[in-house]
There are 4 protein chains.
Amino acid sequence: MDRSRLEAFSDGVFAVAITLLALNITVEGPGHGRLQHQLWEHRWSFAAYLLSFFVIGIIWVNHHVLIKSIALVDRTLLFLNLVLLLFVVLIPFSTATAAEYLPVGGPDVKVAMAMYSAVFLGMSIGFSSIFEWTLHGDHRTVPLYSEAHWPARLRFVGGSGVYVVSFVVSLFNATIAFILIALVALYYIVERTPASPAAPESPPDQ
Amino acid sequence: MDRSRLEAFSDGVFAVAITLLALNITVEGPGHGRLQHQLWEHRWSFAAYLLSFFVIGIIWVNHHVLIKSIALVDRTLLFLNLVLLLFVVLIPFSTATAAEYLPVGGPDVKVAMAMYSAVFLGMSIGFSSIFEWTLHGDHRTVPLYSEAHWPARLRFVGGSGVYVVSFVVSLFNATIAFILIALVALYYIVERTPASPAAPESPPDQ
Amino acid sequence: MDRSRLEAFSDGVFAVAITLLALNITVEGPGHGRLQHQLWEHRWSFAAYLLSFFVIGIIWVNHHVLIKSIALVDRTLLFLNLVLLLFVVLIPFSTATAAEYLPVGGPDVKVAMAMYSAVFLGMSIGFSSIFEWTLHGDHRTVPLYSEAHWPARLRFVGGSGVYVVSFVVSLFNATIAFILIALVALYYIVERTPASPAAPESPPDQ
Amino acid sequence: MDRSRLEAFSDGVFAVAITLLALNITVEGPGHGRLQHQLWEHRWSFAAYLLSFFVIGIIWVNHHVLIKSIALVDRTLLFLNLVLLLFVVLIPFSTATAAEYLPVGGPDVKVAMAMYSAVFLGMSIGFSSIFEWTLHGDHRTVPLYSEAHWPARLRFVGGSGVYVVSFVVSLFNATIAFILIALVALYYIVERTPASPAAPESPPDQ
């Protein structure tokens, strides 16, 4: 089984999930208060949209790098990938719920943010499983993480640790948990350490 | 006509259908009862989401293996594939209906689960038709099922039998029908008999 | 500009539009009447879903054959393709409207079915424009319709005529217009005249 | 990292966003007034759908040309592309809001059209950033804009200027801002200056 359909299907799910995120942002029609007030009341929806968009974007970039290093696509890998996608698909739901409860506070927002963290944690565990699987046997083709794979492991698996922490933090303070996830996403976006040897591709071969 | 657009279109439909599944999971905003109670009341939505997600995932994996073995994509194959997709697209609807009626019980849940089984049965018949079509004439390129194709037939066509049984069972007990489909899905996920000769691909050729 | 992204983007739009069709099929939760009665009341939704699904499926198959015969993808072609997609994207809306008004009758159903026909007509005109464009200059690579392109023209452009007729008929009797479109769709599905020379592809080159 | 998955993911997001545009067009079922009156009341929804469809279509065409000229896909490019997509995904929301408030007038429609322009502006800035990035270092492979890249820059970056103007205009007159964006879109569709050297591709290599 070749890598291309695994990538095509995953890209499809990532693309649909990332686009459905914005379905949660709606305003009422005329006659429901001034529009700028409505938009201001939805500020958490925009913030949650922004954060979830980049979390999905980052996992998509990393998914790219990881799948590209895999030589053999077997059934176990396909099902580990399905576990990853199972949680990606839930992100629009957990994002909408977090955005609805974040402005309110109280005990419910802790449940909402715990669920928000838990969905990311599930996604991250799915991703880490694929990474660990590629370290076994002949699954890798690129000698990418072969000898000193600890930095890559830290990078790819580290996300799970962050989401465990944000899960625990959200039981005490949902806003701090939200900021924590946002800071880690920001770190992943700005850091420039290449996760893979950046070899210029030769366009004709593509 | 080449295989790649057949795969691209099918992957698109699979990806959208599997992502729309989660649209059925929603909670009410603040002021409609504690969030954890709402989530608990939606436990059947989560269970039905989980099951339908993996049923679509399994059919996608099998679709992969099957289409890859086909040499000639003709119009008949394209329309058999459309029949398969016709039912895949209905899965979010049948899943949402089953999830709504499963907590209630009564005669309606039997109708809901019968429809849930019937949509899977239609999908499975569409899939089996593609398989049977590939056994005729020169449609196959890989000598995959040429001589002893009974195991593959059992594997690919067996799903239809399961859904006939779950359809009948759902007329008596909807919950047992749900568990039956879940057990078969679990079996497909954990069993490791390769459906195709797993030849490591050579990445540069991809 | 190469053909592959034109195909990928079009396939994406076709796949999303065909999957969104089923979003129009919903039932109310428990407490809104027996489920089988609800399903029966939605019989026109199922019929309209079925018809629109295969109309999109047929145009997708023909789009395949047509785009494959094109050598040069220029900006004009890209915008003609956008016109085609503009109407494809409207199909879920026109289908939902037709399905809502078909059970009711009266003057509104004629408007609904006229719009249903008009959206298909727009799609068909977009498709015909691409076909006519490929007959000019050096756009074709496969000498597919070069000498005697009237059968192909009849096939590809004939759809527009059907939808003009069904548009006019719908102003008098919406049900007959619906049946007319369904019969033509059925004809396209069952007829086996190949629209392109069916050459078996060589899988390794793919 | 190769260009193909960047294209596949972007095409997926473009395709889903362009298809979701039409979800904003709905009519009420029977018993809510004559259908043609309802359709007429939704004329701004149709106009806004049409405009946003072609704005997304134009940016997709330009995205094509631009990405095709890039030799090296690095992490910075992936994240600049995510910024572009972040705003593309918001277009169905800003379109629906503009369509709801355009028939009403008053101060709210100015906010709605300012937001409509702002989302396009964000998209345009994301696109311009990719273009500017490709002018640095070894990112380009095709010597497309190497020596005299000012025409291309004007073309690719000019859109941002238009949206700044329409943003300011919308604070005074929302309808004129709408017409301004429509005229620019029309210009991009009808002008035939090739943005890239149109070399006929050789189909077998694809």
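The values are calculated or read from the model by the stated rules, or taken from the named source; none is laboratory data. As the structure is a prediction and not an experimental result, all values here were calculated from the model. Virtual Cβ from ideal backbone geometry, glycine too; neighbours counted across all protein chains shown. Note: areas computed on protein heavy atoms with side chains; ligands, DNA, RNA excluded. Shrake-Rupley method; radii C 1.70, N 1.55, O 1.52, S 1.80 Å.
Annotations for the structure displayed:
- Residues considered: A:L77, A:L66, A:L90, A:L85. Of these, the only one that is under 26 Å from B:F46 (Cβ atoms) and touching a Phe, Trp or Tyr at 6+ places or on another chain (Cβ under 7 Å) is A:L77.
- Number of residues in the stretch D:120-135 that are open to solvent by 10 Å² or more (accessible area, probe 1.4 Å), among the hydrophobic types (A, V, I, L, M, F, W, C) and either modelled with pLDDT of 95 or more or within 13 Å of D:S160 (Cβ to Cβ) (or both) equals 2.
- Verdict on B:Y101 being out of contact with any strand residue (DSSP E or B) (no Cβ under 9 Å at 6 or more places or on another chain), at pLDDT below 95 and among the hydroxyl-bearing types (S, T, Y): yes
- Residues (open to solvent by less than 20 Å² (accessible area, probe 1.4 Å) and not hydrophobic (A, V, I, L, M, F, W, C)) located in the stretch C:74-95: C:N81, C:P92, C:S94, C:T95
- Taking the stretch A:14-40 as the range and being in a helix (DSSP H, G or I) and within 20 Å of D:L171 (Cβ to Cβ) as the test, the residues that pass are A:L35, A:Q36, A:H37, A:Q38, A:L39, A:W40.
- Only one entry in B:A71, B:A98 is surrounded by fewer than 23 Cβ atoms within 10 Å (Cβ to Cβ), away from chain A (no Cβ under 14 Å) and of a type in the set (G, A, S), namely B:A71.
- Enumeration of residues in the stretch A:74-92 that are more than 7 Å from every other protein chain (Cβ to nearest Cβ) and within 15 Å of the chain's Cα centre (by Cα): A:N81, A:V83, A:L84, A:L85, A:F87, A:V88, A:I91
- Restricting attention to the stretch D:1-54, the residues that are in contact with a strand residue (DSSP E or B) (Cβ under 7 Å, 6 or more places away or on another chain) and at pLDDT 95 or above total 0.
- Verdict on D:G31 being without any contact (Cβ under 8 Å) to a residue 12 or more places away in the chain and closer than 30 Å to C:P103 by Cα: yes
- Residues in the stretch D:87-133 that are in contact with a Gly (Cβ under 7 Å, 6 or more places away or on another chain) and more than 25 Å from D:L154 (Cβ to Cβ): D:E100 only.
- C:L39 within 17 Å of C:S124 (Cα to Cα) and over 12 Å from the mean Cα position of the chain (by Cα): no
- Selection within the stretch D:1-50 - open to solvent by less than 30 Å² (accessible area, probe 1.4 Å), more than 8 Å from chain A (Cβ to nearest Cβ) and of a type in the set (F, W, Y): D:F14, D:Y49
- Flag if B:N62 is among the polar types (S, T, N, Q), closer than 21 Å to B:I189 by Cβ and either surrounded by fewer than 23 Cβ atoms within 10 Å (Cβ to Cβ) or facing another protein chain (nearest Cβ under 10 Å) (or both): yes
- Evaluation of D:G106 against the conditions (1) at positive phi; (2) more than 10 Å from every other protein chain (Cβ to nearest Cβ) shows that the sole unmet condition is (2).
- Some residue of the stretch C:3-13 being in contact with an Asp or Glu (Cβ under 8 Å, 6 or more places away or on another chain), under 24 Å from C:V89 (Cβ atoms) and not in a helix (DSSP H, G or I): no
- Scanning the stretch C:17-76 for residues that are more than 25 Å from B:A17 (Cβ to Cβ), of a type in the set (G, A, S) and in contact with a Pro (Cβ under 8 Å, 6 or more places away or on another chain) yields a single hit, C:A71.
- So D:I59, is it of a type outside the set (S, T, Y) and modelled with pLDDT under 95: yes
- Residue count for the stretch D:52-79, restricted to those that are touching a residue at least 24 places away in the same chain (Cβ under 8 Å) and within 24 Å of D:S166 (Cα to Cα): 11
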